[in-house]
1. Could you list all residues from segment 75-87 that are crowded, with 21+ Cβ neighbours inside 10 Å, farther than 18 Å from Glu155 by Cβ and hydrophobic (A, V, I, L, M, F, W, C)?
2. Taking Thr95, is it part of a helix (DSSP H, G or I), more than 15 Å from the chain's Cα centre (by Cα) and crowded, with 17+ Cβ neighbours inside 10 Å?
3. Could you tell me which of the residues Asp100, Asp70, Asp36 is over 30 Å from Glu130 (Cβ atoms), of a type in the set (Asp, Glu) and either touching a helix residue (DSSP H, G or I) at 6+ places or on another chain (Cβ under 6 Å) or modelled with pLDDT of 95 or more (or both)?
4. Could you check Arg145 against (1) part of a helix (DSSP H, G or I); (2) closer than 21 Å to Leu83 by Cβ and say which number it fails?
5. So if I check each of Gly128, Gly137, Gly122, Gly102, which one is crowded, with 16+ Cβ neighbours inside 10 Å, closer than 26 Å to Pro32 by Cα and of a type in the set (Gly, Ala, Ser)?
6. Using beta carbons and a limit of 7 Å, which pairs, at least six apart or on different chains, have the first residue in segment 29-47 and under 15 Å from Ser105 (Cβ atoms) and the second one modelled with pLDDT of 95 or more and part of a loop (DSSP other than H, G, I, E, B)?
7. Is it the case, given these coordinates, that Arg158 is surrounded by 10 or more Cβ atoms within 10 Å (Cβ to Cβ), modelled with pLDDT under 95 and either assigned to a loop (DSSP other than H, G, I, E, B) or within 21 Å of the chain's Cα centre (by Cα) (or both)?
Amino acid sequence: MTAATPIPAAAEVAFLKGLRAVRQFRPDPIPPSVVDDLLQVARWTGSARNRQPWEFVVIRDRATLGTLADADGYAGHLAGAPLGILLVMAGEQPTQETYDEGRLSERIMLAAQSHGVGSCIGWFTSTGAETVRAALGIPDGKIVRTVISLGYSDEEARAARPKPPQGRKPLAELVHEDRYRP
């Protein structure tokens, strides 16, 4: 899409609305060309003042994924994923980097979806981050908080899970015109 295309096609909007967290994965590896594409999309993600305050640790080792899945936080889905990408932020401007980190995460997840690869974002609490830092040799000063599990969805396992309530809040409950109105 170019800047001259002001309104995305319906299929593109449906693609964006269709991003879902995948927490059960088949063991199939993700092809190196797909991983390279995800990392290129990540590299080209915009950031505040184009600082690109990130590095990536690509994790395929089952034992390491298990260690990270057990770290304090919300990344247990890594245990069954064939691949994880840990985002390592520079830690120089934490407020701006938090925004950049969220933007980066979703871009990786959307790129994965475009290849038919499922994903789920996870994060580590302070003690979990220290576990991850020690396990992966990440220096002090770097922010270790976000990890993305990646793999092909195990549809049978997904179908067996209890279903959460469906749907989204109506826009009328979310949108305020000109000023906030409770």
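1. Initially, segment 75-87 is screened for residues crowded, with 21+ Cβ neighbours inside 10 Å, giving 75, 77-78, 81, 83-87.
Still in the list and also farther than 18 Å from Glu155 by Cβ: 75, 78, 83-87.
Within segment 75-87, Ala75, Leu78, Leu83, Ile85, Leu86, Leu87 qualify.
2. no
3. Asp36
4. Arg145 satisfies every listed condition except (1).
5. Testing whether each residue is crowded, with 16+ Cβ neighbours inside 10 Å, closer than 26 Å to Pro32 by Cα and of a type in the set (Gly, Ala, Ser) leaves just Gly122.
6. So the pair list comes out as Ser47/Pro53.
7. yes
Table: residues versus (1) of a type in the set (Phe, Trp, Tyr); (2) touching a strand residue (DSSP E or B) at 6+ places or on another chain (Cβ under 6 Å).
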residue: Leu78; (1), (2): no, yes
residue: Pro82; (1), (2): no, yes
residue: Gln96; (1), (2): no, no
residue: Tyr99; (1), (2): yes, no
residue: Glu106; (1), (2): no, no
residue: Met109; (1), (2): no, yes
residue: His115; (1), (2): no, no
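The values are calculated or read from the model by the stated rules, or taken from the named source; none is laboratory data. These figures come from a predicted structure and were not determined experimentally. Note that we place each Cβ from the backbone using ideal geometry, even for glycine, and neighbour counts take in every protein chain shown.
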